[in-house]
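Please treat every number below as a calculation from the coordinates, not as lab data. These numbers come from a predicted model, not from an experiment. Glycine gets a Cβ as well: all are built from the backbone with ideal geometry, and neighbour counts include every protein chain shown.
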Amino acid sequence: MSEPGMVLNNPVQAGGREQDLILSVQRGQNELFYELVRPYERRVYAAALAILRNEHDAEDAAQEAMLKAFANIRQFRAEARFSTWLIQITVNEALMRRRRERTVVMEGIDGRRSGRDDEEREYAPRDFADWREIPSEALERKEVRQRLAEALGTIDRKYREVFVLRDMEHLNIQETAEALGITVASVKTRLLRARLMLRDLLAAGWEQGWFSRLPFEKGNKPW
Amino acid sequence: MVDQKMLNCEQVWREISNYVDGDVEAGLRSAMDEHFRTCKRCASVLAGTRNVVQLYGDERMLEVPAGFGQRLEKRLAKNVAVKGSGWSSWAAWLVPVAALLLITGSVLLTNSLSGGHFLRSHHAEPANHIPPDLVVVVSDGSKVFHVAGCPFIHDKASERTTTAKEAMRDGYVPCTRCLRQYLKTGLSGRAGVEVAESAGAEAEEEGEEVLSATGH
């Protein structure tokens with residue numbers, strides 16, 4: 001039985017192996033279900049966290065989503081991507097949970113601050129520092145990942161949800177719209193705002209140099 | 001509609017996300033390319049936006065709490081029997097199959113012990129002192145047979161006549177009211193007591209008035 005990590009490294013093999021696993025589980029080999037979903041457990045958790053903003057709730061919602069995916073595995077059709085299907089189930093579970101637990105109250109302030117009018121108003125970038133490409137090695141540092149996560153946590157829920165599904169879960173615009181029950185136009189508008197807001201938020205870190213404190217960059221900023 | 005030859009910064013910002021996604025038409029893309037070449041501010045916005053997309057899109061940004069995988073696996077194992085070698089899916093079949101075999105075996109055993117006749121009531125016992133050719137009445141919804149005219153016949157609309165022998169073969173038990181005389185003569189020993197108790201229990205179930213064959 002191959003390692004899930006190996007599966008992800010080769011999309012062609014991964015797709016074939018995944019299809020085999022799906023068929024096996026659909027035929028009753030329940031014990032293979034965890035192997036099927038394990039490569040996506042981080043994405044499922046991230047999607048739930050983007051909506052619920054609470055680690056405990058997100059973990060519980062992620063687990064519940066997995067169980068629902070198992071319960072409905074026979075309804076999954078090969079024309080859809082399994083990962084997308086799984087993320088959509090997770091988003092539904094998280095949204096339902098948020099409605100049920102009325103956590104929307106917690107978002108009230110944000111909601112007033114950035115209501116529909118705010119969404120329709122254009123967002124203008126605030127920082128024009130000379131950005132250059134940040135090497136992905138920066139993410140090896142926990143501090144950088146933590147700063148990025150904190151920045152994401154500060155933007156309004158509706159922007160965060162779209163951004164996470166689109167840019168972190170890699171759903172396309174249409175899939176993101178369907179998952180959240182909003183229009184394609186709204187996805188594009190919110191995505192634009194989310195990206196620009198995050199860019200401005202990260203500019204502070206840019207100026208403070210926490211992207212630059214990398215061993216290979218000592219004394220020589222790449223930008 | 002944007003005049004693609006005269007893009008200002010606000011127009012560029014409005015489309016910059018689509019530009020990063022490659023979701024702008026060729027003419028607009030060319031105009032934006034030209035703008036980025038001449039506008040440092042917008043070039044900075046573009047670089048920053050690309051950094052955001054690249055950094056957050058990295059798999060390493062998807063962190064889970066310690067032990068997340070183990071807890072997930074445990075919950076799946078508990079709820080969908082993920083662990084093991086498919087025992088649960090086998091068990092799901094084995095339990096009803098075993099139960100079916102047990103029931104079938106019990107029925108066959110009962111039939112073999114009762115001379116091949118399945119007793120309609122588990123309370124039924126052969127009443128040996130009732131003349132086998134005695135004409136009796138049975139009816140639907142009751143497990144008791146009576147002599148014609150007995151006031152305790154249940155569901156009179158469905159009553160039909162048969163012989164005592166056939167009624168008992170079909171699992172009916174004698175009415176302790178109208179057939180008391182035969183039961184009295186047959187109530188010698190524990191078997192007779194059981195017959196009477198059984199008949200009483202059946203009649204009680206059916207709301208019939210039954211006299212105790214063992215007393216009074």
Q. Which value in nm describes the separation of the simple spin-label points at residue A:182 and residue A:140, placed 7 Å from the Cα toward the beta carbon?
A. 3.7
Q. Can you work out ³J(HN,Hα) from phi for every residue in region B:26-31, in order, using Karplus 6.51 cos²θ - 1.76 cosθ + 1.60 and θ = phi - 60°, giving whole Hz and x for Gly and Pro?
A. 4, x, 5, 4, 4, 5
Q) If you project the alpha carbons of region B:4-61 onto the principal axes, what extent comes out on each, in Å, largest first? A) 40, 23, 16
Q) Karplus couplings for region B:65-79 from phi (6.51 cos²θ - 1.76 cosθ + 1.60, θ = phi - 60°), rounded to Hz, Gly and Pro as x? A) x, 4, x, 4, x, 5, 5, 5, 4, 5, 5, 5, 4, 5, 9
Q | Proxy reagent accessibility, fewest Cβ within 10 Å first, across B:42, B:178 | A | B:178, B:42
Q | Per-residue ³J(HN,Hα) for region A:29-36, Karplus 6.51 cos²θ - 1.76 cosθ + 1.60, θ = phi - 60°, Hz, x for Gly and Pro | A | 7, 4, 5, 8, 5, 5, 4, 5
Q | Cβ crowding within 10 Å averaged over residues, with A:145-152, B:26-33 ranked highest first | A | A:145-152, B:26-33
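For peptide B:67-78, what's the mean number of Cβ atoms from other chains within 10 Å of each residue's Cβ?
Values: counts 1, 9, 5, 0, 4, 11, 6, 2, 8, 10, 4, 1.
Averaged over the peptide's residues, the number is 5.
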**Q.** Label-zone membership for region A:59-90, site residue B:74, 7 angstrom Cα→C-beta point, backbone N under 18 Å
**A.** A:59-67
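Averaged across the residues of A:53-59, what count of C-beta atoms belonging to other chains lies within 10 Å of each residue's C-beta? Don't skip to the answer; put the middle values down first.
Numbers: counts 0, 0, 3, 1, 0, 3, 7.
Mean partner-chain Cβ count within 10 Å for A:53-59: 2.
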Q) Tally Lys and Arg at +1 and Asp and Glu at -1 over the other residues with C-beta under 15 Å from the C-beta of residue A:24: what net charge comes out? A) 0
Q) Given A:68/B:74; A:158/B:74; A:188/B:40; A:68/A:158, which pairs have Cα atoms separated by over 22 Å? A) A:158/B:74; A:188/B:40; A:68/A:158
Q.
Inside 10 Å of the C-beta atoms of A:144-152, what's the mean count of C-beta atoms belonging to other chains?
A. 3
Q. What is the set of long-range amide H partners of residue B:145 at a cut-off below 5 Å, with H atoms built 1.01 Å from backbone N?
A. B:173, B:175
Q.
Please list, ordered by chain and number, the residues whose modelled amide H lies under 5 Å from the amide H of residue B:136; skip anything fewer than 5 residues away on the same chain.
A. B:162, B:163, B:164
Q: For region A:9-105, count the residues as N, evaluate 2.2 N^0.38 Å, and divide the Cα radius of gyration by that value, please.
A: 1.12
Q) Quick one: A:20, A:200, fewest Cβ neighbours within 10 Å first, how do they rank? A) A:20, A:200
Q: Starting with the fewest neighbours, write out B:106, B:142, B:44, A:136 ranked by other beta-carbon atoms found within 10 Å of each beta-carbon.
A: B:106, A:136, B:44, B:142
